[in-house]
Every structure is written in C-alpha cells, then in structure tokens.
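Chemist: Got a structure here, written out as structure tokens. Questions coming.
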Amino acid sequence: MKWLWVSVVVLLVDQCTKLLADAMLTLHQQVAVVPFIALYKAYNPGAAFSFLSDASGWQRWFFVVLAVIVIGVLLVWLRRLSARETGTSLALALILGGAAGNLIDRLVYGYVIDFIDVYYGSWHWPAFNVADAAISVGAFLLLLDALLGNRETTRVG
C-alpha cells in the first residue's frame, strides 16, 4: 500500500488540471500549445473514446458503479502484492488514481472533463485528460510487466 501516494498525486494533478481547463477554456474551442498538441475542452458523459456518450443518461451510474468496483479490486490487488513487485504496484497505483479522478467527475458533474487534444493535420485522437493518461500508462506497464517482468521459474523435482 506504500504506492498509494502515486494514486493521490495522479488524483490531485488530474482534478487541478480539470478545474483549470474548465475555468480557462471555451467548450469545443482548440487552443494550440505545440505542434500536434492543443487544449480542447470537452465534456464526455461516456467512457473511453466517448463510448456510450449518446446514451440517455443511464451510463453515468453504470460507469460510477463500474469505477467503484474497479477501485475496490485494485486496492485489494495492490494490498496483496509483495514489496518486490514494484512494476505491478506502480501500474496499479496509476490506474487507481486515474479511475478515482474520473469517478469524481462523474459523481460531481455527470461527465468527465477532457482537455488534451493530440492531432496530426485534420486527424484528432479523442480528447483525454490526466486521469486517462495515467490509466493508459498503467495499463501499458501492466502489460509490459506481464510480458517481460516476473521471470522466476519453478523447478520441478
């Protein structure tokens, strides 16, 4: 559980940046930062890539319940890890902080505030936020750890 500080940092950075974006940006107006990256405020009532964003409103509570379950599972998983499993611990802490950040948005606003736009020419990746980035990095680290990490072998006989 010593990795929970990572989750708290992700949660705080996520919530602070969302509050700033919400206060300083105009909805659906792109503000270029550097080539290929812009600020672009969007409200997403759905999930990743705006999945179910056009639903009638039930998706808010579906994603709230799902996030609470995922957070519970991650906390139990994180607690059961050994001190040597640093890669998995970091990955789970990132995912946990991101899930908590987006959960707060859904509870408070009914949608998630997205504000980062990565693009090339007229092609745009779906807008995202710090929580989404932490979840994605955490998932990548989990996959990497599963593929390359724990290489202990068991001897038979």
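Just so you know, all these numbers are worked out from the coordinates, no wet-lab data involved. Just so it is clear, the structure is predicted and the values come from calculations on it, not from any experiment. So basically every Cβ, Gly included, is an ideal-geometry build from the backbone, and we count neighbours across all protein chains shown.
Chemist: Whole-Hz ³J(HN,Hα) for each residue in the stretch 29-41, computed from phi via Karplus 6.51 cos²θ - 1.76 cosθ + 1.60 with θ = phi - 60°, x for glycine and proline: what do you get?
Modeler: Rounded to whole hertz, the list is 10, 7, 10, 5, 10, 9, x, 5, 9, 9, 8, 7, 7.
Chemist: Continuing with the same structure: Can you give the charge dipole size of the chain about its Cα centre, rounded to the nearest 20 debye, using +1 on the beta carbon of Lys and Arg and -1 on the beta carbon of Asp and Glu? Provide the component values of the computation, followed by the final result.
Modeler: Details: 10 positive and 10 negative charges, 111 e Å.
Computed about the Cα centre, the dipole is about 540 debye.
Chemist: While we're here: For Cα Rg over 2.2 N^0.38 Å, several values are listed as (1) 0.99; (2) 1.17; (3) 1.06; flag the one computed from this structure.
Modeler: Matching entry in (1) 0.99; (2) 1.17; (3) 1.06: (2).
Chemist: Once both labels are modelled 7 Å past Cα along the beta-carbon direction, what's the residue 9-residue 137 spacing in nm?
Modeler: Simple spin-label model gives 0.9 nm for this pair.
Chemist: Using only DSSP helix segments of four residues or longer, with each worth -39500 (n - 2.57), what per-residue ellipticity at 222 nm results for the chain after dividing by its residue count and rounding to 500?
Modeler: Numbers: 4 runs with 82 residues, N = 157.
Calculated mean residue ellipticity at 222 nm is -18000 deg cm²/dmol.
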